[in-house]
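Asks: Handing you a structure now.
The values are calculated or read from the model by the stated rules, or taken from the named source; none is laboratory data. It should be emphasised that the depicted structure is a prediction, and the values quoted were computed from it without experimental measurement. Every residue, glycine as well, gets a Cβ built from its backbone with ideal geometry; the counts of neighbours run over all protein chains shown. Please note that ligands, DNA and RNA were not included when accessible areas were found on the heavy atoms of the full protein model with its side chains. Shrake-Rupley method; radii C 1.70, N 1.55, O 1.52, S 1.80 Å.
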Amino acid sequence: PCAIVTCQPAAIMRNTSVTIKLTLPRPVKVLPGQYINIWLPSVSLGSWMQSHPLTVTSWAPEKQETFELLLQPQKGQSASLYRQARAIDAASSLSLMALWTGPHGITYSVEEYENVILIASDAGLAAVTPYISMLIHGYNTRTMHIRRIHLIWQVEELGRLKLIYPFGKS
């Protein structure tokens, strides 16, 4: 598998996050709320022994051939990856060998609800975007009973945000 890392334009929090598109050797079904552990051995000297859990921010009704992941750097491998991605041109991307396990974690069934409330803060919005995509798809295909989606999003600094997720496209 190959990880393609970009900084622009796919960032929710301007200047503090990196988007990773992971191409998969075979299609995999991922549900909203699930995550993968990614291992990028070529990022830094010590990264060969570090893996990083990342929430999958993409959703499709069928198996996916690529995952979109959002990385907010902390320290270690994520900080090294962020520095490398920021060093490249905004129109370019960084291609790295990647190994991964997953998807892991639970998903919450929302098919039977008419009203759904989603609560997120700052870049946590990325974790609920797969649910929003799934709910809109279910509404459009009449496979869910959804009538209303309420999104409560707490943002610390409104000036740092750049929202680019196309919620209506599923």
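Yes/no matrix, rows are residues, columns are (1) part of a helix (DSSP H, G or I); (2) at pLDDT below 75; (3) of a type outside the set (A, V, I, L, M, F, W, C):
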{"residue": "P9", "(1), (2), (3)": "no, yes, yes"}
{"residue": "T16", "(1), (2), (3)": "no, yes, yes"}
{"residue": "P32", "(1), (2), (3)": "no, no, yes"}
{"residue": "L45", "(1), (2), (3)": "no, yes, no"}
{"residue": "T55", "(1), (2), (3)": "no, no, yes"}
{"residue": "L69", "(1), (2), (3)": "no, no, no"}
{"residue": "S78", "(1), (2), (3)": "yes, yes, yes"}
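Asks: Could you figure out which of (1) within 28 Å of H145 (Cβ to Cβ); (2) touching a Lys or Arg at 6+ places or on another chain (Cβ under 7 Å) isn't true of T66?
Replies: The single condition T66 does not satisfy is (1).
Asks: Now for a separate question. Tell me which residues, restricted to segment 59-80, are within 8 Å of the chain's Cα centre (by Cα) and either surrounded by fewer than 17 Cβ atoms within 10 Å (Cβ to Cβ) or of a type in the set (V, I, T) (or both).
Replies: Those that are within 8 Å of the chain's Cα centre (by Cα) and either surrounded by fewer than 17 Cβ atoms within 10 Å (Cβ to Cβ) or of a type in the set (V, I, T) (or both): none in segment 59-80.
Asks: Just one of (1) under 17 Å from T55 (Cα atoms); (2) open to solvent by less than 80 Å² (accessible area, probe 1.4 Å); (3) modelled with pLDDT under 90 trips up L161, so point out which.
Replies: Failing condition for L161: (1).
Asks: Which strands (runs of 3 or more DSSP E) sit wholly inside segment 87-151 and have at least 1 residues that are among the aliphatic types (A, V, I, L, M) and open to solvent by less than 20 Å² (accessible area, probe 1.4 Å)?
Replies: Fully inside segment 87-151 and qualifying: 94-97, 115-121.
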